[in-house]
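Inspection log for the structure reproduced underneath, given as C-alpha cells.
The values are calculated or read from the model by the stated rules, or taken from the named source; none is laboratory data. Note that the structure is predicted; figures quoted are calculated from it, not measured. FYI the Cβ positions are ideal-geometry reconstructions off the backbone, even for glycines, and counts take in every protein chain you see. Ligands, DNA and RNA are stripped out before the accessible areas are found, and what is left, the full protein with its side chains, is counted by its heavy atoms. Shrake-Rupley method; radii C 1.70, N 1.55, O 1.52, S 1.80 Å.
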Amino acid sequence: MKKIYLMAIAVAFTFGLTSCEDFLDSSNYTEANTSNYPASANDLNKELAALYGVMNQYCKDPLQTPWFVNYIMSDDANGAGGTGDVESHAIGHLMVNKEGIFDVAWHSTYVGIARANAIIYAVDAFDWTGKEKTRNQLLGEAYFMRGLFYLWGTQFWGNIPAYWAAAAPDPCPQQDAETVIYPHILADFYSAYNLMQNGATTQGDGHATRGAAAGFLARAYMFYQGFYKKAGELATANLADVELPEQEGVSGPLTKAQVVAALEDAINNGGYKLVEDFRLLWQYTNELTAPDYPFVKDLADAKKFWAGNGNSEEMFQVQFGNFAQWSGNTAMGFTNMTSLYCGLRCDDNGAGVANGDKASLPFGQGWGQGTINENLWNDWSDDDPRKKATILDAPTELGLGTGFVFTTSCSEDAGYYNKKWMPVTASGSNWADHNDAYTWWGVYRKANTEAANNNGNSFQGDHFADIMLLRLADVMLMHSELTGTADQMNKVRARAGLNPVSYSWANIKNERRFELAGEGLRFNDLRRWSGKDGGETCEAAVALERQNGSRVNYTGKWTTMHHASSSWAKRYAATDGFLQIPPAQIKIAADENVLKQNPGWGSNVADANMSGTPVY
C-alpha cells in the first residue's frame, strides 16, 4: 500500500493576506495586508499554502462544503442524520432552517478569492530571472484557485460580488454570472492550464496541476454552456465561442476544440491513469481492513490494497493532517469531517444494540448524514460491480439487528450508505474506547508512527482520506460527453468489467451518475442538463421530485419521505438550484444595487424555511 502521510499538508498560514471589504463579510479576518506583505518571493509560497488552506476552512463543517451540500441536494442522497439535524434536512429539501446557514461558505469563498488575488498581483514584484517556470507554476496555481472559488461561489449563489484586482472595491456590487463572472472563471482555468507544465509538481502533493486545470476548465465550460446557454446535448450543440477577458495565458476567445484539446492533453500527457480496480479507490480496501472484509477478499488475497491518497487517478483533492482539534476557528477542517458525517448513525435501537462496533466491521460510527436515497439503489443494475462498491446496503451486508440497526434517533435513513466517504475500522480497532484507535487510521497511527492523537477522539478526528475533487475517470467522461465519442467512456466501463456501449446522451448521463455516484457532482450535472429557468418539468426538477414517496426509516419505523413544505420540483423551479445568499450580507450592503437576494429565498417565501424536523 502507498505510504500513508498523516501530516499531509503544511499547517495553513494563520492569517488572511488581504482584506474582504465589510460588505463581503461582517468581520475583518486580516492581520497582514498588502502594505507590508509579501516582502519576498519566498513569502508567496507561504501565501500559496494559505490559499490551499482555505479549502480546509470549508471542511470544518461539511454542510458548508460544495461537495457535501451538492451531494445532499441531489436526487441520489438524503440529508438524514438525527431527528434534530434540521440543517441537513433543510438543505436536502432545498430549504433553510436559519439565516446563517451558509455564512462559513460565503466567508471562505471570499477569503480564497482575496488570497488568490494577492498572489496574482504580487508575483511580478520580484525578480524571477532563471526561475521563470517556477514563477509561471505559482501564478498558474493562483489563477486556478481563484477560478475554483468563483466556480464554487457562482454554482452556490449565482450572481455574486466579484472583482479581479489586488483588493476589493468599496462597494463591490453583484456581477452577472453568465456574462461577467463565467468568462473570468474560464479565463482563470485556461491561464492556469497554459502557465503550468505537465509534471511541474509532484502528483498528489495537493497542488493544482496542468491536468487539474484542464479538468476544471471543462467542468466550468460545460456548466456555462449547459446551464446558462441551455445548449442541451453538448456533443451535437452549436456552441458559440466564449469571449475571455485579457490576462496572462489567455489569447482570444475560448472554443470547444480548445477545451477538448486540453482534456486530451490531460488524459494522454498528464501522468494520470485509472486505478486497476474501482474498489481500490476507496479506503475500505486498506491493508489493515481488507483481509477481514469479505467484499474485497479477492483483492486482499492477491495482496492488492487501497491505492492511497494522491493515487494515480486523483487529479485534485482536499488533503488533511493530524492536527485537528475541537478548538480554534478552523482546526477541525484538518480532519475529513465529511467521513464522520457519513458514518453509520450513532446511538442504538432502544434495545441496547448500537452501530459502529465490531459487528459492523469495516464501517464505523458517525452521524448518519448524507444517506443514499433508495432510488439510486433501485435504478442501478446489480450487474454493475460499482453499485455495491459505492453503496452499503447496511441491513443486508452487515446484518439487520446485529451489525446494523435503525436507531431511535435516525431520520431519512433508507439503510443505504455512501461507502466512498464512510469511516472505516479495522480488526485492531479499539471497540471499547472510541477516543483511542477506533478508525483504521487511528490503528495505523498508533502502531506505525509517533504521531499523537491530537484530536483526542479517534471516532471524530482520525479521518485522513482525501476528498477527491477531480479524478481521471471524470475527465474521460467529460471528453466523451463533449465529443460524442464512446472511447473514453468505454475505458471507464472496462475498468469496472462492463461491456462497451455506443455513445448516446442517455448513456453518458447514466455513466456519470453511476461512476461518480456519491462524489458531489450529480446535482450540477442535472442543472446543466436542464438549463436555466427550466421550471418544474425540467430534468433536474423531475429527478428531484422522485424523492417524494421514497422509503425511509424515521426513529426505527418505516415510512415514506415527503417534501417538508411544497415539493422538490417547486423548490427547484423557484431557485434554479441556487442557495440563499446569507441575509447578513444583504443587510451589510443595504442596497439592492449592490447585493440582492436570490429568487425563491425572500423572507416572505413560506416554503423556503424549515422551522423544525420534518416528520413523515
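Taken over the stretch 38-78, residues that are buried (at least 24 other Cβ atoms within 10 Å of the Cβ) and of a type in the set (Gly, Ala, Ser) amount to 2. Against the criterion of being among the small types (Gly, Ala, Ser) and open to solvent by 20 Å² or more (accessible area, probe 1.4 Å), Ala389 does not qualify. For the stretch 266-284, the count of residues that are of a type in the set (S, T, N, Q), farther than 23 Å from Thr179 by Cα and in contact (Cβ under 8 Å) with a residue 60 or more places away in the chain is nonzero. Restricting attention to the stretch 202-228 and to residues that are open to solvent by 30 Å² or more (accessible area, probe 1.4 Å) and in contact (Cβ under 8 Å) with a residue 12 or more places away in the chain, the residue that is nearest to Asn507 (Cα to Cα) turns out to be Arg219.
The single condition from (1) more than 30 Å from Ala473 (Cβ to Cβ); (2) in contact with a Lys or Arg (Cβ under 9 Å, 6 or more places away or on another chain); (3) buried (at least 20 other Cβ atoms within 10 Å of the Cβ) that Asn553 fails is (2).
Taking the stretch 303-316 as the region of interest, how many residues are over 27 Å from Asn198 (Cα atoms) and crowded, with 16+ Cβ neighbours inside 10 Å?
2
If the condition is being more than 19 Å from Lys98 (Cα to Cα) and surrounded by fewer than 16 Cβ atoms within 10 Å (Cβ to Cβ), then the stretch 563-607 contributes Ala590, Asp591, Glu592, Asn593.
Restricting attention to the stretch 415-428, which residues are open to solvent by 10 Å² or more (accessible area, probe 1.4 Å) and part of a loop (DSSP other than H, G, I, E, B)? Write out each step before concluding.
Keep residues of the stretch 415-428 that are open to solvent by 10 Å² or more (accessible area, probe 1.4 Å), which gives 416, 420-421, 427-428.
Lys420, Trp421, Ser427, Gly428, listed by residue number.
Looking only at the stretch 404-434, count how many residues are under 29 Å from the mean Cα position of the chain (by Cα) and more than 27 Å from Met468 (Cα to Cα). Looking only at that region, the number is 7.
Among the residues making up the stretch 331-359, those that are buried (at least 24 other Cβ atoms within 10 Å of the Cβ) and either of a type outside the set (S, T, N, Q) or over 20 Å from the mean Cα position of the chain (by Cα) (or both) are Gly333, Phe334, Met337, Leu340, Tyr341, Cys342, Gly343, Leu344, Arg345, Asn355, Gly356.
Of all residue pairs spaced 6 or more apart or on separate chains, those with beta-carbon atoms under 7 Å, a first member in the stretch 92-103 that is on the phi > 0 side of the Ramachandran plot and in contact (Cβ under 8 Å) with a residue 40 or more places away in the chain and a second member that is surrounded by fewer than 21 Cβ atoms within 10 Å (Cβ to Cβ) and not in a loop (DSSP other than H, G, I, E, B) are Leu94/Thr575.
Would you mind stating whether Asp298 is among the charged types (D, E, K, R) and out of contact with any helix residue (DSSP H, G or I) (no Cβ under 9 Å at 6 or more places or on another chain)?
Details: among the charged types (D, E, K, R): yes; out of contact with any helix residue (DSSP H, G or I) (no Cβ under 9 Å at 6 or more places or on another chain): yes.
Criteria met by Asp298.
Has the stretch 233-243 got any residue that is in contact (Cβ under 8 Å) with a residue 24 or more places away in the chain and under 22 Å from Gly140 (Cβ atoms)? The answer is yes, given that some residue of the stretch 233-243 is in contact (Cβ under 8 Å) with a residue 24 or more places away in the chain and under 22 Å from Gly140 (Cβ atoms).
Test Glu519 against the criterion of being open to solvent by 10 Å² or more (accessible area, probe 1.4 Å), of a type in the set (Asp, Glu) and over 26 Å from Ile101 (Cα atoms), and give yes or no. Considered against the rule, which asks whether it is open to solvent by 10 Å² or more (accessible area, probe 1.4 Å), of a type in the set (Asp, Glu) and over 26 Å from Ile101 (Cα atoms), Glu519 comes out as no.
In summary, Glu248 fulfils each of the numbered conditions (1) part of a helix (DSSP H, G or I); (2) open to solvent by 40 Å² or more (accessible area, probe 1.4 Å) with the single exception of condition (1). Scanning the stretch 429-474 for residues that are in contact with a strand residue (DSSP E or B) (Cβ under 7 Å, 6 or more places away or on another chain) and in a helix (DSSP H, G or I), which turns out nearest to Tyr284 (Cα to Cα)? So, considering only residues that are in contact with a strand residue (DSSP E or B) (Cβ under 7 Å, 6 or more places away or on another chain) and in a helix (DSSP H, G or I), the one nearest to Tyr284 (Cα to Cα) is Trp440. Taken as a whole, the structure leaves Lys273 outside the set of residues that are part of a helix (DSSP H, G or I) and among the basic types (Lys, Arg). State the number of residues belonging to the stretch 128-155 that are β-branched (Val, Ile, Thr) and surrounded by fewer than 22 Cβ atoms within 10 Å (Cβ to Cβ). Count: 2.
Inspection of the stretch 279-302 identifies no residue that is in contact with a Gly (Cβ under 9 Å, 6 or more places away or on another chain), on the phi > 0 side of the Ramachandran plot and open to solvent by 20 Å² or more (accessible area, probe 1.4 Å). Being within 29 Å of Thr338 (Cα to Cα), assigned to a helix (DSSP H, G or I) and of a type outside the set (A, V, I, L, M, F, W, C) is a property that Lys509 has.
Those residues that are open to solvent by 20 Å² or more (accessible area, probe 1.4 Å), under 22 Å from the mean Cα position of the chain (by Cα) and closer than 22 Å to Ala213 by Cβ, I need them from the stretch 156-192; list them, please.
First pass over the stretch 156-192, keeping only residues open to solvent by 20 Å² or more (accessible area, probe 1.4 Å): 159, 164-167, 169-171, 173-176, 178-180, 184, 190.
Filter again for under 22 Å from the mean Cα position of the chain (by Cα), leaving 159, 184, 190.
Residues satisfying the conditions are His184, Tyr190.
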